[in-house]
Amino acid sequence: PDVAASVVVRDVVAMDRPIDRLTLRLAGEDVTGDLDAQVALSGLVAGEAAEGTARVRRTAEGGIALQDLDLSIGSVDLAGALTSREDGLFTGDITLDADDLSDLTPLVLTELAGSLAADVSLSVEEGGQNAAVRAQGDALRFGEVRLADVAVDLTAVDVFRAPVIDGT
């Protein structure tokens with residue numbers, strides 16, 4: 001079966017910030033079989049534009065792929081692609097560029113602050129999940145947790161079976 005749906009939120013206040021309007025649209029084909037869906041977000045959150053698109057589809061190997069992710073909410077940009085393989089492992093790359101994480105506060109219902117730039121790369125080698133993370137953050141706040149200066153350059157090999165982690 002195919003599915004088309006829209007969720008519209010208007011005139012809501014969350015974490016003392018307005019969500020004037022936010023629309024999430026889904027158009028999916030063959031959702032119980034060879035899934036292929038388009039997702040779109042548009043609106044205005046705390047006076048900032050919220051726009052985004054992504055494609056979700058079932059891969060020929062039986063996994064689920066998130067493709068063409070392109071999401072912007074205020075100063076926060078998230079982009080990339082991920083694939084969940086049939087064996088439960090992931091491949092892909094995601095990039096986050098956030099000048100002001102507080103732009104997300106009304107959506108995640110937690111006080112956020114600071115800037116964060118991150119690149120995450122996931123791969124599979126010889127049946128093992130690998131990850132590489134590079135991130136730079138300043139004046140980060142996640143609820144009550146605060147971090148003044150964050151610099152991460154980390155690689156992890158065979159994360160689920162025999163993890164080897166290297167980095168700073």
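The values are calculated or read from the model by the stated rules, or taken from the named source; none is laboratory data. Just so we're clear, the structure is a prediction, and the values are computed from it rather than from any experiment. Don't worry about glycine lacking a Cβ; one is built from the backbone with ideal geometry, like all the others, and counts go over all protein chains shown. The protein model used for the area step is the full one, side chains on, heavy atoms only, and it has no ligands, DNA or RNA in it. Shrake-Rupley method; radii C 1.70, N 1.55, O 1.52, S 1.80 Å.
With a 1.4 Å probe and every protein chain kept in, tell me what percent of the accessible surface of the range 1-159 is carbon plus sulfur. Its accessible area is 54 percent carbon and sulfur atoms.
Quick check: from the Cα gyration tensor, does the range 58-168 come out rounded (a/c under 1.5), prolate or oblate? Before the final figure, lay out the partial values.
Details: a/c = 2.48, a/b = 1.47, b/c = 1.69.
Judged from the Cα gyration tensor, the range 58-168 comes out oblate (a/c at least 1.5, b/c at or above a/b).
When the residues F90, F160 are ordered by accessible surface, computed with a 1.4 Å probe over the protein chains alone, the sequence from largest down reads F160, F90. Would you mind telling me which residue in G43, G62, G28 has the biggest mean-square fluctuation in a Gaussian network model of the chain, where springs connect alpha carbons within a distance under 10 angstrom? Of G43, G62, G28, the Gaussian network model singles out G62 as fluctuating most. One decimal place: the segment A139-R161 gains 4.5 nm when fully extended, by the rule 0.36 nm per residue minus the C-alpha distance.
Rounded to the nearest whole Å², what accessible area per residue is found for the range 47-168 with the 1.4 Å probe? Kindly include the intermediate steps, with their values, before the conclusion.
Numbers: 6850 Å² over 122 residues.
For the range 47-168, the solvent-accessible area averages 56 Å² per residue.
If the chain linking T32 and V7 were pulled fully straight, counting 0.36 nm for each residue of separation and taking away their Cα-Cα distance, it would gain 6.9 nm.
Taking 30 Å as R0, compute the FRET efficiency from the Cβ-Cβ separation of A132 and S42 and round it to 0.05. Here the calculated transfer efficiency is 0.40.
Please give the FRET efficiency for D99 paired with T53, using the beta carbon to beta carbon distance and R0 = 25 Å, rounded to the nearest 0.05. Each step should come with its number before you reach the end.
Details: r = 21 Å, r/R0 = 0.84.
Given R0 = 25 Å and the Cβ-Cβ separation, E is 0.75.
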